[in-house]
């Protein structure tokens, strides 16, 4: 059960982190830093800072950053990843991991 929850969390986090909500040139970012931080706080935006049109840095909320670090730590744990792969395989094969009635 815990493994399935972790898989869902990792999938959600991965989808969130792979998306850049907006791009802004470093010169404009300097002038709009407070607004950018407010948007990050309010809407969990991920903003890429560009230099000469090329993304060079990303600004995200501290919650997003901490979640990303936690996800990376989980993914670095080989035993945990082995369990997660087995759980994914079981789900793909439609094996019942835990009956809902057993939980309730």
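Each reported figure results from applying straightforward, stated rules to the coordinates on display, with no laboratory input. Keep in mind it's a predicted model, so treat the numbers as computed, not measured. Counting neighbours? That spans all protein chains shown, and the Cβs are built from the backbone with ideal geometry, glycine included.
Give me the one-decimal nm value for the distance between modelled label points at residue 21 and residue 42, 7 Å along each residue's Cα-to-Cβ direction.
My value for the distance between the label points is 1.0 nm.
Would you mind calculating the gained length between residue 80 and residue 57 on full extension (0.36 nm times residue separation, minus the Cα-Cα distance), in nm to one decimal? The partial results should precede the final answer.
Working: separation 23, 0.36 × 23 = 8.28 nm, distance 3.03 nm.
Working it through step by step, the gained length comes to 5.2 nm.
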